[in-house]
1. Before rounding to the nearest 500, sum -39500 (n - 2.57) across all DSSP H runs of length at least 4 in the chain and divide by the residue total; then give [θ] at 222 nm in deg cm²/dmol.
2. How many nm separate the modelled label positions at residue 159 and residue 68, each set 7 Å beyond the Cα in the direction of the Cβ?
3. Let me know the Kirkwood hydrodynamic radius for region 219-279, please, with Cα pairs as the basis and the value in Å to one decimal.
4. So if I take the centroid of the Cα atoms in region 327-366 and the same for region 177-230, what is the distance between those two points in Å?
5. Normalise the Debye intensity by I(0) for region 166-277, one equal point scatterer per Cα, no solvent, then take log10 at q = 0.21 Å⁻¹ and round to two decimals.
6. Which translational diffusion coefficient, to the nearest whole µm²/s, is obtained for region 97-254 from the Stokes-Einstein equation, given a Kirkwood hydrodynamic radius over C-alpha pairs, 25 °C and 0.890 mPa s?
7. Once the cut-off is 12 Å, how many percent of the Cα-Cα pairs in region 338-389 end up in the long-distance tail?
8. Gain in length, residue 1 to residue 180, computed as 0.36 nm per residue apart minus the alpha-carbon separation, to one decimal in nm?
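The values are calculated or read from the model by the stated rules, or taken from the named source; none is laboratory data. Since the model is a prediction, treat every value here as computed from it, not as a measurement. Every residue, glycine as well, gets a Cβ built from its backbone with ideal geometry; the counts of neighbours run over all protein chains shown. Keep in mind that these areas ignore ligands, DNA and RNA; they rest on the heavy atoms of the full protein, side chains included. Shrake-Rupley method; radii C 1.70, N 1.55, O 1.52, S 1.80 Å.
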Amino acid sequence: MRTTIINQRNERDELLSRPYLERTHKYVVEELLANPSIKLITGPRRVGKSTQALLMLRGKNFAYLNFDDNALLEKWDEELVMHTLDDVYPDYEYLMLDEVQNLPAWDVWVSKLYRRGKNLVITGSNANMLSSEMATMLTGRYLPVEMLPFSLTEFFAWNEMALNDIKEEDKSKAETLQADYLHRGGYPETIKARTITDSYLSTLFDSIIWKDVVKRHKVRNVTDLNNVAVYLLSNFTNPVSYNNVAEDLGLASVNTVKKFMDYLHEPFLFHYLPRYNNKLKLMKRAPQKVYIVDNGFVASKSFNLSDNLGRLLENQLFVELLRRGYDIEKSLFYYRSRNDKEVDFVVRQGTHIEMLIQVCYDLSNVKTEKREVDSLIECAEELKCNNLIIVTANENREIEKNGYKIKVTSVKEF
């Protein structure tokens, strides 16, 4: 055990020596670390959770355990580990637990550490950590720091450009970067080597399904699970229902579809956006729109992108809204009017509808503009909202119609 922990300390020190792009989140690091609550950094695999934790703790005296290491899991002995940590990291102030969900009964152990006064920084790749497990054992004892792939702003920063200050001579490069991000997404390890993006994300997609779904839930019918995953990916931004998925894939059990869809959400791979309705029962019955955590997964699985620019932009915007802290089923929805007109995003604060957002890649066609504007206004009338936005690839202007002012904004401005 001592050898394993020393090897992990060497791994930690090597990682700390590398240069990194500072990520954005809603907390001030010093205030966060001073808080006795557990700091839970969560999100999909390979988005930089461990890096974020290391950057938060850089310059501090902290111990480190990585639970993506079979050598640690196979020889696990709780008391021996704690004694060894005291020996390897004398008088440490913080304890970083990386991918702790891999440890059986991790929540019981973490709860014990918390009661002993350990200042914990934890990373994990499973949404269940934020729901049943954390809620049951650690209610009120943790602060979530949610990580996602690079935002467009961070992607530009990596390429040494400021998204909000693009010089005239850099506009062509900025357009190229924007299109690249739309298609290939923002996974950190693909940013510096775009030629490997498709193969890297294809492998990562399969790895998430295998490690975080099949192994975790002991799924026996892997073929059906894969078929559901591919179906959801091919229908990203479209509304789907459990019945439709079962029927289209020829699956006998709707409950199995629901179970698989829940499993695929747990590792933050897919998200399901409900249709807004004041009546919870009706909202639960309506089809949900499917989103993928990063646009790059779409191209990596070789789907035809020729007609998908609008859908890719909508998916990009959805992930950005998640990044800003909007919660599905609490403050973020889609809406369909009584006449079947749709608005892509309903953003709510408390009981108040804050804004309606429509996404349209190119609004230059007169018929397209009329369709999008009419849908937005009809939904605005029903929801009694005057803050209306259409996000496009590059346009910035204002449209006035039927007493409404609609702000047309480019995705860069948004």
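1. -12500 deg cm²/dmol
2. 2.6 nm
3. 12.1 Å
4. Answer, in whole Å: 28.
5. -1.16
6. On the way: Rh = 19.4 Å.
Translational D for this selection: 127 µm²/s.
7. 62 percent
8. Working: separation 179, 0.36 × 179 = 64.44 nm, distance 4.52 nm.
Extra length available between residue 1 and residue 180 comes to 59.9 nm.
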